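Each remark here refers to the structure printed beneath this line.
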Amino acid sequence: MSPPSVSTADGSGKSFDLQKYHISYNTGFMLEDPLTSLPPYFDQWHVLASSVPKLLIEKKVREAVSKLPVLDHEKLASYRQLRLAHLQLSYITAAYVWQNGDKDPPQVLPKSLAVPLYEISRKLGLQPVLCHTDLALANWKKKDLN
């Protein structure tokens, strides 16, 4: 069976491959079956992203990020892994920048965030910031798995 495609509305009979643009026939622009975890090598990103609410209350996001090593983003093997990594890193970055509200935002990001977030964003064609694409389109799960 060939991949899903859509015909153009101009009557020309042309069609385009939805998969090429990461558009799902079933969920549209929402990432179909987004991942909830990355390979174990990236566990530090997951743990830190999961801890952001608590770290924000304690104003310790920057302290936690200072302990984060620069992980090799090239080890991400799929589009879905890149999307989850972008979500996690942009979420951590937003918390890092706005930890103290609008008082004293940092002017420079640590390499442990800046390097992988920039490179992953470049690969995905996204800006290196937390956006709707991350928060809504790649951050959902089915209520009922049946």
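The values are calculated or read from the model by the stated rules, or taken from the named source; none is laboratory data. On a predicted model such as this, the values are computed, not experimentally measured, just so you know. We place every Cβ from the backbone using ideal geometry, glycine too, and count neighbours over all the protein chains shown.
Condition first: surrounded by 16 or more Cβ atoms within 10 Å (Cβ to Cβ), in the same structural domain as residue 67 (by TED's automatic domain parsing) and either modelled with pLDDT of 80 or more or not in a helix (DSSP H, G or I) (or both). Can you find one or more residues in segment 99-107 that meet it? Taking every residue of segment 99-107 in turn, at least one turns out to be surrounded by 16 or more Cβ atoms within 10 Å (Cβ to Cβ), in the same structural domain as residue 67 (by TED's automatic domain parsing) and either modelled with pLDDT of 80 or more or not in a helix (DSSP H, G or I) (or both).
Residue 130: modelled with pLDDT under 95 and buried (at least 18 other Cβ atoms within 10 Å of the Cβ), yes or no? It is true that residue 130 is modelled with pLDDT under 95 and buried (at least 18 other Cβ atoms within 10 Å of the Cβ).
Of the residues making up segment 82-96, not a single one is in a loop (DSSP other than H, G, I, E, B) and either assigned by TED's automatic domain parsing to the domain that holds residue 35 or closer than 23 Å to residue 39 by Cβ (or both).
Can you confirm whether residue 114 is touching a residue at least 60 places away in the same chain (Cβ under 8 Å) and not in a loop (DSSP other than H, G, I, E, B)? Considered against the rule, which asks whether it is touching a residue at least 60 places away in the same chain (Cβ under 8 Å) and not in a loop (DSSP other than H, G, I, E, B), residue 114 comes out as no. Right, residue 55: at pLDDT 70 or above, under 30 Å from residue 104 (Cβ atoms), surrounded by 11 or more Cβ atoms within 10 Å (Cβ to Cβ) and not acidic (Asp, Glu) or not? Answer is yes for this residue.
From the list 127, 81, 88, the lone residue that is within 30 Å of residue 17 (Cβ to Cβ) and touching a Phe, Trp or Tyr at 6+ places or on another chain (Cβ under 6 Å) is 88.
Filtered by the rule that a residue be part of a helix (DSSP H, G or I), of a type outside the set (Gly, Ala, Ser) and in contact with a His (Cβ under 9 Å, 6 or more places away or on another chain), segment 119-132 gives 119, 120, 123, 124. Take the residues of segment 117-146 that are among the basic types (Lys, Arg) and free of Cβ contacts under 8 Å to residues at least 24 places away in the same chain: which is farthest from residue 71 (Cα to Cα)? Here the answer is 143.
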